[in-house]
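Below: the structure, in C-alpha cells.
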Amino acid sequence: MPTANCLQFVRLYLILAFLLLSGIPATNALTGEPSSPLGSDACLAAQGLVQRLLPDHANRFVFDFVVPDEGRDVFELETRDGQVVIRGNNGVSMAMGLNWYLKHYCRCHVSWCGSQLTLPDPLPAVEPKVRRTSWAKHRYFLNYCSFGYSLPWYDWNQWERLIDWMALNGVNMPLSVTGQESVWRAVCQRLGMSDQEITEFLAGPPYLPFQWMGCLDGWGGPLPANWISEHEALGKKILARQRQLGMTPVLQGFTGHVPQAVERIFPDAKLYRIRWIDWDTNLLDPLDPRFAKIAAIWMEEQQKRFGASHLYAADTFIEMTPPSGDTQDLANLSRAIYDGLVRHDPQAVWVLQTWIFLYQEAFWTQPRIEAFLGAVGHEQMLCLDLACENRPQWSRTQGFCGKPWLWCNIQNYGCTVSLGGSLKGINTDLPAARTDPLGARLVGLGFVNEGLDYNPVVYDLMFEMAWREEPVDLKAWIAGYSACRYGRSNANAEEAWNILLTTVYDGPHRTRSVIDHVPTLAGRRGGPSYSNLRLADSWRALLAASDQLGESDAYQFDLVNLARQVLTNHAGQLHGEIIKAHKAGDLDAFDAAAQRFLNLIGELDELLGSRKEFLLGKWLGDARRWGETDAEKAQMEWNARRVITLWGGGTAINDYARKEWAGMLSGFYLQRWEPYLAQQRQALASGQPLDEEASYARLRAWMLAWSDQSTSFPDRPRGDSVALAKELWARYADQFKPDALSLTTGKPTACSHALPSHPKHLANDGHVSDPGSFWATDVNQHAEPAWWQVDLEEPVTIGRVVVVGYYGDARYYGFTVETSLDGQSWTTAADRRDNREPSTADGYTCTFTPHPVRYLRITQTHNSANSGRHLVEVMAFER
C-alpha cells in the first residue's frame, strides 16, 4: 500500500497554520472535515498522543499514513532505522497500532486501573511487518449512565487521558453528551421559558444523562451558576480532540421529551405523561406540529455549539412503557424522531440503544419492533444490542429487522466495584454472531458500560476482537495479558490469572456483597456465582508474585482488587454465622460473629484506602470543585453522595450505584450495620424480636441525612497495598480452607436451574458447616427434574457419595445418584427416592461398587418441607 511519512507533511502543515492565522480556514474544528493534506492531521494527532503517554520516548515512534483497506480501518507496524514505524488510515488506527506494539512487543499496559509503561531498551524489533485490518466499521464506547456514575465530575485533564485511552483501544464512535444542558437552555429560551423554569427543568450533574433519556427532570438541581458555560466549553474541547484523532462522536438527538413548561407556552400541545420509577416526564405527541418545530430548534442550537457528526443518539423509552402499543403510533414516533434529525442534517444516522426491547420485553412484541424500526430506512439507523454477553436481542428481533447493529457488552451496572466479565462469551459468541445469518448486518462492537468499571482485562479482549478474525486461545492470551500487565512473565501471576479465567471471567458474574445490602438477618444476601475458595487460591498465587512484581502499579491495583473481592465474598459466610447464632439464641456466638463481620468491613476500608481508584474522598472532592460558592459546593456534594446511595427519593434503586470504596465502607455501610446488629443483640438478650419496620425507618432517616453531610474523607491513597494484602491473607487464609474436602471440591458444575442467590458451585465449595450456603432451585418455578452435576475433569474411582441437603429442621429429601464417563450415558449408583430419614449435617451416605466416574449427577425428587430443592454439599470418595 502507498504510504506518506508524516515528516513530509510538516512543511505543508506549517503553511496551513500560517494561512489559518492569516484568516484563511484550514479545517473545520466542529465538523472535523479535513482540509489539510491527506493524513497529516492524523499523524500529528497520534504524535501528540504518544508525547502525552511516553514523553521520554516519543521520538522513538514515527507515524505514517496508509490508505484504508477497502474502506476498513487498518494499522501496520514495522521497524526502520531503530525506530518503530506505525502506519494507519487515521489517528485512531495509529493509536491502536501503538497500543498493539506496547502490549504485544514491549509488555506494557495502559488502563485507568493501574498502568505499566516501562519500555525495554532497545525497543523490540517488529519482524516481519505486522498489518491488521478491523472488520468492525464502528467501535462504540460509553453509555449514558457512564456520564452519571463515572464521568459527571471529570475536568479536561481527566477527559484528555480517557480520550487517549479510547484511541489506544481503537474506539472510533464515542458517545459524547458533555454540555448538552447548554443546548437545552438555549432551546428553552427560544421557546419562551423563564430562567426559573429552565433551572427547575435541568437535573443535577449525575442525573443529567438520565434526563437526556427522558427518565426524569430537575432531580438534583439546581446546577451551579457557571456549570452550563463551563461544560459547553468542555464539551467543545472533548469533541475537538476526538475528531482530531479521527473519531466520529455520537451526539444527542431530540427524542420528544420536553419540559413541563411546554404546556404553559402551548396550552393545546398534546403531551403524554411517562413514568420511570419515581419520576414523571412529558412526551410530545409526534403528530403535534410543535414536535418538528422543537426538533428543528434543538438541532440548530446543537450544531451551533457542537457541530454535526451525523451520528445521533435518541432514546425515548429506555426503560419506560410507551403511551400506546398501536403499531402506527410507534411508527409515527420513530419517523418523527428521525425526521427531526435528517431535516437539519441530511446525513443523519439514528443510534438507538435497543435496551428498550430487553427491558420491556413483554411490550415489545415483534410486530411492534418491526413497526418502530421499519419507519426508518435501514441505513438511517444503527442499533446497539446492549447486553450481548448475557441477553442478546439480535436473534430475538430477526437481526433488528435488517438494520445494521453492534454487538455490545454492558459489563457494568451502576459502576459497582466487582470482579467479573464474560471473556469466554466475548471470545466465542461475538465471532459466532458474525457467521450467523441474522448477523449479516453486524457492523461493529461496543462497550456500553454504565461506569468505567474495574476489569481492564475485559476491555483489552473486547477491543482486540475488533481487529481479529478468529477467537483466541484464551489460556495463551491470558498468559500474555499477565506478562504485559506486569511487564514480565511470572509463574505465580500466570497461575492466578488462570484461576481468574475459570472463575470471575467465565461469565458476567456481577457479584454483590452482603456488606452493601440494607442490613437484615432475614436470610443470606449476596454471594458469588463461582467458588470463592478457588478465587482465594488466585489471591494466594498473585501474592506469591509480590517479590518480583510488587513495584508495579498495575500489580498493586490487581492485588487489592482481588483481595477485596475474596473478602467481600467471604463477608457472606460471616453473615451466615451471625444468622446461625441468632437463630440458635446463642448471645456469645452472636457477639463473636458480629464482631468478625464488622472487623472485616473496617479492614477492607484500610486496604482500599491504599489505591486511588477506591477513594470516596476523591469522588466528593471532584464534585465540590465544580461549585464556586459554599452553597454550590454543598449541592454538588449532595449529588455525589445521593447518586451512590439512595439515588432518588424512593426505595426502588437504593444502593444501585453502590461503591466498595474506602470511606464508603467505614463511613456508610459500617454505619448501617453497627447499630442494626446492636439492636438485634439487644432484642436477642431481651427475648423479644426486633421491630424491623421501626429499625428500617430509623435507618432510612439516617441515610437521607447522610446525603446532606459534609464529612471529609481521604482523597489520596495511604498505606502500602502489598503489605496490607499480605497482612489480610495471613489473617484470613485459614478461613478459606474447606471443612469438607472431597473429589468434587471446586470442580466445574452444571444444573437444571439455580436460584440467583443459591448458585450451583455452593454444592461443592467444600463447606458443609453452614446450612445457609447451598445450591437451590424451585420446582414450582422451574419444571422437574431438578438435577445438579459435577465434572471431575478426568475419570476417577468412586465408591462413596455423601449428599447433604438443607438441614436444621425435620425435613427429608428423596434423590438419586448417577454416574457417567461421558456425560451422555448414565448409570444409577444409588436410588433414595423413598428416603424418609431427616436431613442432617452428616448428610446421606451412599455406597456402591467402586468404579471409574467423570460426571456425577444428583437428582432431587422430593423435599418434605416445600417445593425447593437444596444441596449444601455433595462429596465423593474412592471408598
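Data table
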{"quantity": "Global geometry of region 429-543, whether rounded, prolate or oblate, following the gyration tensor of its Cα atoms and the 1.5 cut on a/c", "calculated": "oblate"}
{"quantity": "Calculated FRET value between ARG273 and ARG879, using beta carbons and R₀ = 60 Å, to 0.05", "calculated": "0.30"}
{"quantity": "Between helix 670-686 and the chain: long-axis angle, C-alpha atoms, 0 to 90°, nearest 10", "calculated": "30 degrees"}
{"quantity": "Inter-centroid distance (Cα atoms) of region 175-213 relative to region 765-786, Å", "calculated": "50 Å"}
{"quantity": "Neighbourhood net charge (15 Å Cβ-Cβ; Lys/Arg +1, Asp/Glu -1) for LYS129", "calculated": "-2"}
{"quantity": "Net charge, ASN866 excluded, C-beta distance under 15 Å - Lys, Arg +1, Asp, Glu -1", "calculated": "-1"}
{"quantity": "Two-site FRET efficiency, ASN226 against GLN360, from Cβ-Cβ distance with R₀ of 51 Å, rounded to 0.05", "calculated": "0.85"}
{"quantity": "Environment charge of THR816, counting only residues whose C-beta is closer than 14 Å and scoring Lys/Arg +1, Asp/Glu -1", "calculated": "0"}
{"quantity": "Point-to-point label distance, ARG681-THR118, nm (Cα→Cβ direction, 7 Å offset)", "calculated": "4.7 nm"}
{"quantity": "Cα long-axis angle, helix 180-191 against the chain (0 to 90 degrees, to the nearest 10)", "calculated": "60 degrees"}
{"quantity": "Nearest-ten-degree value, helix 40-53 long axis tilted from longest Cα axis of the chain", "calculated": "40 degrees"}
{"quantity": "For region 456-470, Karplus couplings with θ = phi - 60° (6.51, -1.76, 1.60), whole Hz, Gly/Pro x", "calculated": "x, 4, 5, 5, 4, 5, 4, 6, 5, 4, 5, 10, 10, 8, 10"}
{"quantity": "Sum of -39500 (n - 2.57) over DSSP H runs of 4+, divided by residues of the chain (222 nm, nearest 500)", "calculated": "-12000 deg cm²/dmol"}
{"quantity": "Per DSSP, loop GluC sites (Glu not before Pro) in region 364-403 with at most 16 further Cβ within 10 Å", "calculated": "none"}
{"quantity": "Shape call, region 73-205: gyration tensor on alpha carbons, a/c limit 1.5", "calculated": "prolate"}
{"quantity": "Whole-Å distance, taken between Cα centres, linking region 311-335 and region 837-864", "calculated": "54 Å"}
{"quantity": "Electrostatic dipole magnitude of region 524-675 [Cβ: Lys, Arg +1; Asp, Glu -1; Cα centre; debye, to 20]", "calculated": "520 debye"}
{"quantity": "Region 269-304 residues near the modelled GLU200 label - backbone nitrogen below 15 Å, point 7 Å along Cα→Cβ", "calculated": "280-282"}
{"quantity": "Pair GLU319, LYS475: separation of 7 Å Cα→Cβ label points (nm)", "calculated": "4.1 nm"}
{"quantity": "Cβ-Cβ FRET estimate between ASN866 and THR845, R0 fixed at 22 Å, reported to 0.05", "calculated": "0.35"}
{"quantity": "Beta bridges per DSSP with both ends in the chain, % antiparallel, nearest 5", "calculated": "70 percent"}
{"quantity": "Accessible-area composition of the chain, carbon plus sulfur, in percent [1.4 Å probe]", "calculated": "50 percent"}
{"quantity": "Computed label-point distance, nm, for sites ARG596 and ARG264 using a 7 Å Cα→Cβ extension", "calculated": "6.1 nm"}
{"quantity": "13 Å cut-off, amide nitrogen to a point 7 angstrom out along ILE653 Cα→Cβ, residues in region 428-457", "calculated": "450-451"}
{"quantity": "Cα shape, region 606-681, gyration tensor, a/c 1.5 rule", "calculated": "oblate"}
{"quantity": "Which listed pairs, of LYS475/LYS726; LYS612/LYS659; LYS270/LYS293, have C-alpha distances above 18 Å, in listed order", "calculated": "LYS475/LYS726"}
{"quantity": "Using θ = phi - 60° and Karplus 6.51 cos²θ - 1.76 cosθ + 1.60, couplings along region 733-742 (whole Hz; Gly, Pro as x)", "calculated": "3, 5, 6, 9, 8, x, 9, 9, 5, 7"}
{"quantity": "Per residue accessible area in Å² of the chain, where ligands, DNA and RNA are left out and the probe is 1.4 Å", "calculated": "37 Å²"}
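The values are calculated or read from the model by the stated rules, or taken from the named source; none is laboratory data. Values in this document were obtained by computation on a predicted structure and should not be read as measured data. Glycine also receives a Cβ, built like all others from the backbone with ideal geometry; neighbour counts cover every protein chain displayed. Keep in mind that these areas ignore ligands, DNA and RNA; they rest on the heavy atoms of the full protein, side chains included. Shrake-Rupley method; radii C 1.70, N 1.55, O 1.52, S 1.80 Å.
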